[in-house]
Each structure stands twice: as C-alpha cells, then as structure tokens.
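Written below as structure tokens is the structure these notes are about.
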Amino acid sequence: MTGAADIDRTVGDAVTALSRGETAWGALPLRGRRVLLERLRGLTLAHADEWVRVAGRIKRLDPRSPLMGEEWLSGPYPLLAAAGALAESLRELESGRGPADGLRISRAPGGRSAVHVLPHDIFDRLLLSGYTAEVWTTPGVDAATVRAGAGLGQRTPQRTGGICAIMGAGNVSSIAPLDTLYALYAHNQVVALKLNPVTDPLLPIFEKIFAPYVEAGFVRILTGGAEAGAALVHHPDVAAVHMTGSAVTHDAIVFGAGATSPGRSPILTKPISSELGGVSPTIVVPGDWSARDLRFHAQHVATQRLHNGGYNCVASQVVVVSSDWPQKRQFLRELERAMGEAPARDAYYPGSDDRVARVREHYPAAKPVGPAGSRTLVLGVAPEKGEYALTEEFFAPALAVTELPGRGITFLRAAVRTANECFAGTLGVNLLVDPATRRKLGAAFEEALADLRYGTIAVNAWTAFGYLTARATWGAFPGHTIQDVQSGIGVVHNALLLDHTERTVVRGPFRPMPRSLAHGDLTFAPKPPWFTGNRTAAATGRLLTRFAAEPGWSKLPAIFLSALRG
C-alpha cells in the first residue's frame, strides 16, 4: 500500500470481506473450527523450512549457523504447538467437557488457584524433564470456577466479537500468527492482521499457512507502514485492536502522535489489548555455587539478553545481585566472559545502534564487550526509581547489573520490592536459585513469587520458555490502563482458554544433565537449545518443530541425541 487512496481502498476491501466472514465464522461449529487448526498445522509444517529461511535472511543470519535454531523455536515451533493445543481444547468442548477438566489444579499463595499446564503428557515429561509451568488465577478464584470458565469464546461460538485489527510484531516471527489464533478462538473475532514492515518478506508464507482461514473470510493479512496501520485501527467497522510493540507506539495509536500529557483524551475509543515489553530483571539469589554453576548461569543470563540479538520484549535487561554474596565478583567475571563469547551477529533491528549509543551516553563507564565491542555491560547501576537502566527498555545487546545488600530472605524480599517498585513494565522476571538455598527459604520463597507483580515468572529458567508453552498465558500483570499501559493489557496464547488468569510461573532445573544427576536431581534436560552457544540449536530446533507437528515415539532418539551434542 502506498498512497492514501490505495491504503483506504485496500483496508476497506479487507474489512468488507471480514464483515461477511464474521457471519460464516459464527455459523461454523466447533468441529469445523478444529479442522481449520489441523489444516493450519499441516500447512505450517509444509512451509516451515521456507519460513525459517526467510526469517534468517531478515535477521542476516548465516543459514549454516546454529543461531538459525532461534528461528525454528520462535517461528513455526510455537505456532504448531499452539494450534495442536487449541485443537485439543476444542475437542474437549465438542465432547461436552471443558479444556481444564482433568487437569491438576492446586492452591497457590494469596487465595489463588494454580493450573498445572506443563508437563501435559508423557512427551513433555521426556522432552522437557525438570520443567514445569503453572497458570495462577487472580485471588479468590477456586478450581470449580476455573473449570467452568475454560473455553472463553468457544463456549458460545455463535456469539462473535467483530473484526479485530492486529498490529504484528517485527522481532519474533511467530507473534503475529499466534495473536491471530488467539483473537479467533479466545475472543471469537475475525482478524485483519497488519504485519510489521520488518516481517513483510514473510507475507507469502503466512498467506499459505492461513489459506483456509483467508479463503473462508476469517483472516486478511495486510502490509504497510504507520499510515496503513492507522487506517485499519480507526476504520469504523473494526471492533477491537491488539498490538505488540512499545508503549510509545501504543500511545500514538490510542492518543495520537505527540500526546503526552497525563490528562490526554484517547482518539481510539474501541477496546485495545497489547503486549509491550518493558525492563525485565533477573534476580540472582545468593548461594554456594560451584564454578560450573557460575559459568552455566552466566551463559544463561547472557542468553536472556543476547538471544535474537537482544531484540526480545522479555530480554533480561538488569541483573540483580547481592553485594554481600561472596561469589559476586566471580559471577560477574563469568557474565562478562559469556557476553563476550556469544556468537557474533548483525544488529538487524532498526535503531539498535542509536539505542546502544544512548546507553553508553548515560553510563560512560560501561564496558564494550564481544566482537568489535558490539555488546555493552553496565555495572554499578543504582537500584532506584527513575534510574535509566531500570526505566528505559534498551531493546539492544546491552545488559546492566545492580546490587542490593543482604543474603537469604532479606535479599530476596528487597529484590522483589525493587523489581515491583523501580522497574518499568511487568511482562517477565527471572530468578536463579540453587536447590539448597531454595529449600532453606521454604514457604517464604513461594510467598516471594506471589508478591512479584509480573505476568510471567521464571525460576531457573527464562521467561521466554513461558512464551513457548502453548497452554501458558503470555502478557503483562493485570491492572494496567491505557493511560499507564506499561507492559500492556490482556493476555495471549493460553490454549486452554482459561479465564481469570493473573500470571504464569515456569520452573526449570538449576543444573543441566549430566551434572543434575551427579547432584541428586532426577532431571534429564541438557543445556537448552535456545542458549546462544548451543552448537546443535538449529538441528534440535528443526527436530522439535517436526515433532510438534506430528508427535511420535520414533522421533525421540534423534531429538535426544541432537540435544545432548549441543
């Protein structure tokens, strides 16, 4: 789309087609909706190689690089997993049951319920040994209420929600397709998806994958810049908007460009949901770690920052360590080493160099590390409200470190308070804690998790694992408004279609196999394939994607062998 008249005509044609399609969507029974998901899975598998090749070209990756594993695991893999999990939820509803029936639901602190969504089956237990995920409800919601509400829009499929305009993300290629499925199945809406210009080369692939929905009039996929997006979201026949991006972009859509006053009035009066990133902390709980523990988790934190070049909405930005931890200096040395040794890659996302320059301007003592000093490590950041590193999302290969005094529960409570009160955004927070320290903390550790106001909490894992978990929720902690949107409003993914959700809590093993076994932890997960230094990430990602499309016992040996060699 180019000129204003062309934009209006293209948007108008799409909206007209979707208005007709909404009637057909409302008349389509659950079985028909499930069949569409199964067809989408087949088409995703058929075009997965092409999807990954194009995504790699967008990010200027060597097609032979292990870094291509990122494109498998953040591209076709989560879409296949989500479509399969949604199809299973619809199958349950078809049979007169609910998606949460039969799932374990336990009590969580503060009068919450915890829905255990991972492991879901025997394959999860084998492939993701030691990893778990729970969706916590808001306080006061019991198990019966959870089960009764699961299904959302698919409990009343004939009651449609109009046309949803989705503004796609530019950094992770599965975000826009996943958001499209969620609008269709959670909110019973038909979808006009506008791609971010960065991902425009993926348009032909997405058109092939969503062809059954496009042909039926349930989805239209558009391209264009800000003018096309504005025409779409403000079209009078569009009922709702969902976007992924920054709070600045959100405010421009809702209030108009340049509107910054606290009492501003919205120019967008229809409902808008959003996922907007923020400043994610990684809290390192002090303990007695081995040299290999220190090295592994330094690589873990470096991955949380440098995966996808640093352009993830939930990339770790500030590491919170104890100034009283005897191993602090050793850990920070390992962290600098891990930041420097991660594979070299181009800064593909627009504006990256400018954002790094602003970080270095604010922190003149920042250390350039890695190939040609392309990464930045900032030590000694003040743990205070208004501190640049805690309030301004870098969205670049730059990582900061702040320190708080204390050990044990004293440190943990101070870190939780700082994360809640001083950090911008509520999308995700990571905690690293060794098993012995975790046991010493006892119930106080779970209470600390409950006190954290974040949409995803990861313990000995990265919050991005929650993004990859189809039945988990993904989004900001509830309570934000359009006037103070922070990390956004609402959730996506959530393949069980749960209502009254507050957060997802994911947990992983502190040590990878075989060290886990040597320490008496019966977990069998090796170094994760999303680690930036994983040598077989591309091969493992491809195998996991094909498994997600067509699970089977015969595929497991190749996955295990590839993962162990990583």
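The values are calculated or read from the model by the stated rules, or taken from the named source; none is laboratory data. All of these numbers come straight from a predicted model, not from anything done at the bench. Because the Cβ atoms are built from the backbone with ideal geometry, glycine has one as well, and the counts that use them run over all protein chains shown. Note: accessible area is taken over every heavy atom of the protein model, side chains too, but ligands, DNA and RNA are not part of it. Shrake-Rupley method; radii C 1.70, N 1.55, O 1.52, S 1.80 Å.
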| Restricting the first residue to region 321-341 and requiring it to be of a type in the set (S, T, Y), which pairs with a second residue that is open to solvent by 30 Å² or more (accessible area, probe 1.4 Å) and in a helix (DSSP H, G or I) meet a Cβ separation below 7 Å and a spacing of at least six or different chains? | S322/K328
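Every residue, every condition in (1) among the aliphatic types (A, V, I, L, M); (2) closer than 18 Å to A315 by Cα; (3) in contact with a Gly (Cβ under 8 Å, 6 or more places away or on another chain), yes or no:
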{"position": "P383", "(1), (2), (3)": "no, no, no"}
{"position": "P397", "(1), (2), (3)": "no, yes, yes"}
{"position": "G406", "(1), (2), (3)": "no, no, no"}
{"position": "T410", "(1), (2), (3)": "no, no, no"}
{"position": "A419", "(1), (2), (3)": "yes, yes, no"}
| said: Restricting to region 86-115, name every residue that is in contact with a helix residue (DSSP H, G or I) (Cβ under 7 Å, 6 or more places away or on another chain), part of a loop (DSSP other than H, G, I, E, B), more than 30 Å from A444 (Cβ to Cβ) and not acidic (D, E). | reply: G98, P99
| query | Across region 101-113, which residue is nearest to the chain's Cα centre (by Cα) among those that are open to solvent by 40 Å² or more (accessible area, probe 1.4 Å) and farther than 20 Å from R453 by Cα? | reply | R104
| said: Just checking, does region 57-76 include any residue being aromatic (F, W, Y), open to solvent by 30 Å² or more (accessible area, probe 1.4 Å) and within 17 Å of R546 (Cβ to Cβ)? | reply: no
| query | Among W474, W462, which is within 23 Å of D124 (Cα to Cα) and part of a loop (DSSP other than H, G, I, E, B)? | reply | W462
| field | Residue in region 200-213 that is most open to solvent (accessible area, probe 1.4 Å), counting only those that are within 23 Å of S273 (Cα to Cα) and in a helix (DSSP H, G or I) | value | D200
| query | All but one of (1) within 22 Å of G508 (Cβ to Cβ); (2) among the hydrophobic types (A, V, I, L, M, F, W, C); (3) open to solvent by 50 Å² or more (accessible area, probe 1.4 Å) hold for A302; which doesn't? | reply | (3)
| query | When V214 is evaluated against the numbered criteria (1) at pLDDT 95 or above; (2) touching a Leu at 6+ places or on another chain (Cβ under 9 Å), which criterion, by number, is the only one it fails? | reply | (2)
| query | Which of the residues spanning region 146-180 are over 23 Å from the mean Cα position of the chain (by Cα), of a type in the set (A, V, I, L, M) and open to solvent by 10 Å² or more (accessible area, probe 1.4 Å)? | reply | A148
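Residue-wise test of (1) in contact with a helix residue (DSSP H, G or I) (Cβ under 8 Å, 6 or more places away or on another chain); (2) open to solvent by less than 20 Å² (accessible area, probe 1.4 Å); (3) part of a helix (DSSP H, G or I); (4) not polar (S, T, N, Q).
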| site | (1), (2), (3), (4) |
| --- | --- |
| P343 | no, no, no, yes |
| Y349 | yes, no, no, yes |
| E361 | no, no, yes, yes |
| P364 | no, no, no, yes |
| L377 | yes, yes, no, yes |
| F395 | yes, no, no, yes |
| A419 | no, yes, yes, yes |
| A448 | yes, yes, yes, yes |
| request: Select from region 114-126 the residues that are open to solvent by 30 Å² or more (accessible area, probe 1.4 Å) and within 20 Å of the chain's Cα centre (by Cα) and write down the one among them that is farthest from F547 (Cα to Cα). | output: H116
| query | Is it true that some residue in region 488-508 is open to solvent by 10 Å² or more (accessible area, probe 1.4 Å) and within 30 Å of P343 (Cα to Cα)? | reply | yes
| task | Would you please name the residue that is most open to solvent (accessible area, probe 1.4 Å), looking only at residues in region 509-547 that are free of Cβ contacts under 8 Å to residues at least 12 places away in the same chain and among the aliphatic types (A, V, I, L, M)? | result | L522
| message | Condition first: in contact (Cβ under 8 Å) with a residue 12 or more places away in the chain and outside any helix (DSSP H, G or I). Now tell me which residues in region 29-62 satisfy that. | response | P29, H47, K59, R60, L61
| said: Just checking, does region 328-346 include any residue being over 30 Å from P63 (Cα atoms), in contact with a Gly (Cβ under 8 Å, 6 or more places away or on another chain) and not charged (D, E, K, R)? | reply: no
| said: Could you check region 116-153 and list, in sequence order, the residues that are touching a residue at least 24 places away in the same chain (Cβ under 8 Å) and assigned to a strand (DSSP E or B)? | reply: V117, L118, T132, A133, E134, V135, W136, T137
